[in-house]
1. So what is log10(I(q)/I(0)) for the chain at q = 0.16, 0.20 1/Å, when the Debye sum runs over its Cα atoms only?
2. Take the Cα atoms of the stretch 25-97, find their three principal axes, and give me the spread along each one in whole Å, biggest first.
3. Run the helix sum for the chain: -39,500 (n - 2.57) per DSSP H stretch of 4+ residues, divided by residue count, reported at 222 nm to the nearest 500 deg cm²/dmol.
4. With a/c under 1.5 counting as rounded, go ahead and sort the stretch 88-133 into rounded, prolate or oblate using the C-alpha gyration tensor (a ≥ b ≥ c being the square roots of the eigenvalues; past the cut-off, prolate if a/b is larger than b/c, else oblate).
5. Hey, with R₀ at 25 Å, roughly what FRET efficiency would residue 109 and residue 131 work out to, going by the Cβ-Cβ distance, to 0.05?
6. Suppose every Lys and Arg Cβ carries +1 and every Asp and Glu Cβ carries -1, with no other charges. What dipole size does the chain come out with about its Cα centre, to the nearest 20 debye?
7. What are the residues whose amide H is under 5 Å from the amide H of residue 112, where those residues sit 5 or more places off or on another chain and H is modelled from the backbone?
8. Tell me, what ³J(HN,Hα) does each residue in the stretch 57-67 have, in order and in whole Hz, if you take phi through Karplus 6.51 cos²θ - 1.76 cosθ + 1.60 with θ = phi - 60° and put x for Gly and Pro?
Amino acid sequence: MIDVWKDPEGVALALEEIFESDFARALIRSQSAGASAETVERMERQVKPRSLAWGYYCFADYLLHLDALRQAGVAFAVRDLALCEAEGFIALHRARSAFEGKHPACSACGLRQQNRFGAVCPGCGAKFRRKKG
C-alpha cells in the first residue's frame, strides 16, 4: 500500500490530472451548447481517465480546499500545518504553475487557452504576439 501523504510527486500528478480534466470538461460544456446528448457523451469519453489510486485525488482535493481557505483569508500558522500539508502546498504550486504554463490566460479576457501556441483567443478574438527565437 502507498502512503499518499508521503508521495508529493504522486500528489502533484493527481493535481495536474484534476486541473487538466476540469479544463477539458469546461471546454466541452462551452463547445457542446445545443449538441445532442450522444455528442456530449462522445466528447466526455475523450477526457483522459485518472491514472492513480483514489487516495491521491482525495488528498489533492483536500489541498485544494485548504488553499481555497488560505486564499479567502484564513490564516494558517506554520506550526498548525503537518509536514505532508506543507509539502502538498509545494506540490500544488508546482502543478498549478505547470498547468498555467500549458494553458496561459488571455491577457485581454483571462480565458485559458488550449495550448500556448494559439494565435488568437477563442473567447475574445485577441491576437497574440509571439516572441521570435
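Please treat every number below as a calculation from the coordinates, not as lab data. Remember, it's a predicted structure, so these values are computed and weren't measured experimentally. So basically every Cβ, Gly included, is an ideal-geometry build from the backbone, and we count neighbours across all protein chains shown.
1. Once normalised to I(0) and log-transformed, intensities are -0.96, -1.17.
2. 52, 28, 19
3. Dividing the helical sum by the residues of the chain leaves -17500 deg cm²/dmol.
4. In terms of gyration-tensor shape, prolate.
5. In this case the efficiency is close to 0.75.
6. It works out to roughly 1020 debye.
7. 106
8. The phi angles translate into 6, 5, 5, 4, 4, 4, 5, 5, 5, 4, 5 Hz.
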